[in-house]
1. Residue separation times 0.36 nm, minus the C-alpha to C-alpha distance between B:E26 and B:S102: what's the value?
2. Along Cα-to-Cβ, 7 Å out, sits the label point; list in nm, shortest first, how far the one on B:E31 is from those in the other copies.
3. Calculate one ³J(HN,Hα) per residue across segment A:36-41 by plugging θ = phi - 60° into the Karplus curve 6.51 cos²θ - 1.76 cosθ + 1.60, and present them in order as whole Hz with x for glycine and proline.
4. Just report the Cα centroid separation between segment B:152-198 and segment B:50-127, whole Å.
5. Which distance in nm do the two modelled labels at A:A163 and A:E69 give, with both placed 7 Å along the Cα-to-Cβ direction?
6. Taking the Cβ of each residue in B:W214, B:W125 as the centre, tally the other Cβ atoms inside 10 Å and list the residues starting with the fewest.
7. Enumerate the calculated ³J(HN,Hα) couplings along segment A:109-124 in order (Karplus 6.51 cos²θ - 1.76 cosθ + 1.60, θ = phi - 60°), each rounded to whole Hz, writing x wherever the residue is Gly or Pro.
8. Just subtract the alpha-carbon distance of A:Q144 and A:R38 from 0.36 nm times their residue separation and send over the number in nm, one decimal.
2 protein chains.
Amino acid sequence: MATAKNPRKAKAGKPATPTRRRRTAEEARHEILAAAQRRLAEGGPEAIRLQDIARDLGISHPTILHHFESREGLMQALGRSAMSALNADIMRAISDPGRGTSPEAVLDRVFETLGESGHARLLAWSALGDFAPQRTRGVVPQEQVLRVLADAVHRRLGDEARATGARTPPREEADFTVRLVAAAMLGDALVGDVLSRTAGLPDGPAVQRRFRAWLARLLDERFRQVTCTTRRGGRD
Amino acid sequence: MATAKNPRKAKAGKPATPTRRRRTAEEARHEILAAAQRRLAEGGPEAIRLQDIARDLGISHPTILHHFESREGLMQALGRSAMSALNADIMRAISDPGRGTSPEAVLDRVFETLGESGHARLLAWSALGDFAPQRTRGVVPQEQVLRVLADAVHRRLGDEARATGARTPPREEADFTVRLVAAAMLGDALVGDVLSRTAGLPDGPAVQRRFRAWLARLLDERFRQVTCTTRRGGRD
DNA sequence: GCCACTATTGACAATCCTGTACGTAGCTGG
DNA sequence: CCAGCTACGTACAGGATTGTCAATAGTGGC
């Protein structure tokens, strides 16, 4: 029982850096989240272990618990933070006119964004429910991203239609287009290389680029032709 | 000390089924794999715990170790078995003429197959590397499935082209088409409902069906038009 | 310069899971 | 009917991880 009474005096061996660093709560939370995200990107949700993160940062794991209550709390905070980072990145990729505004250029940027820093993986894990184990079934992105995109597509379809004198295609046309592209991008980011290989393509960044270009062209053509064909199947 | 010497005599309460069931090694492996797959589909790779699986089957967890060496061994066996089951299911879905052979019908069946019993999830986990932790990076599907599909598409494109007198589109056209659809199906199986919701669609099975039909129509039209437009962009 | 506040920490507790050791009990061939 | 093989079970060891607690040490305000 007298174990806990030891007043640490025995530690006479480290006079070099005896000072412990003290961050503000916000700083600490930020650093911890960053370290956690790094581990997440590499090894998945299971790789997020308090002791490991603590070691990465040179702190002790109870400090993490102090700032996030529990591992669960850390995971939720991480989910929110990573998801909003993804949103911001995607938004930037879409609206950034830096490298062109053609469908191909935009697709390229979004693809890149999804691939880097484990964004696609985060989405996948979130969808798989590996995040937020019980309660919150997956970290729901507040993404109006898709909404915005669908609006843009709808507008463009309307423009094309008006230009050719056809009637405006139904809103669903735009929604489905966005859904297809979004799903395809996620899927491709996850298993694109495997798909490419098993489908017989040589695979590699060059193929990936050509694939994107091909998809962009497909969408582009679709934009122009849908105005003539959309009424074919109609509502059913 | 004398603990291990207890010869079970104390169990006087269960004369009904005191006999332990003895399976063949193959039976046992099969049952264990099935139980593991059930858990996998529900809770992911982390939910595969030897003790839980054992409890599900009414056996003891060392029995599992007896049949699979280690948890790692179980995971690998599970990966192989589940992946080959997926292959078989997909193959069946594609070639089964039961409910029509139109692109829409085929797509529908494949979509269904991917969705049920966690096939899509398995693929995702495999891609995410949650399977086969270190060594085997992901359970590589021996799927010639995609190969077969791409061949079929290529043939069809050739037929269409010949019928209209156009020149045969490059093989890449078929490969990319398959890649797009495969990636989209996986992505949609994973996050389709979320996408649908955040894109403003009401979501639900009806929407999902319409989406598939829409995609099938898109492919169908593409098949017909690609013969006129494929030479536009050419090689790059 | 002193003091309250809190970020930080080492030690410890509690739990959980995989894997081992060894004995038991069904099946099958002789 | 006996003996061997092996599927199966109980008990336990070992390790890893989250979480608690009381003590310690920067920091900012007075």
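1. 23.4 nm
2. Between copies, matching label points for B:E31 lie 5.4 nm apart.
3. 4, 5, 4, 5, 4, 4
4. 25 Å
5. Result: 5.3 nm between the two label points.
6. On the way: B:W214 19, B:W125 24.
Going from sparsest to densest Cβ surroundings: B:W214, B:W125.
7. 5, 5, 4, 4, 4, 5, x, 7, 6, x, 4, 4, 4, 4, 4, 4
8. In short, 35.6 nm is gained.
No value in this document is a laboratory result; all are computed from the given coordinates. Predicted, not measured: the structure shown is a model, and the values here were computed from it. Cβ coordinates were reconstructed from backbone atoms using ideal geometry, including for glycine residues, and neighbour counts include every protein chain displayed.
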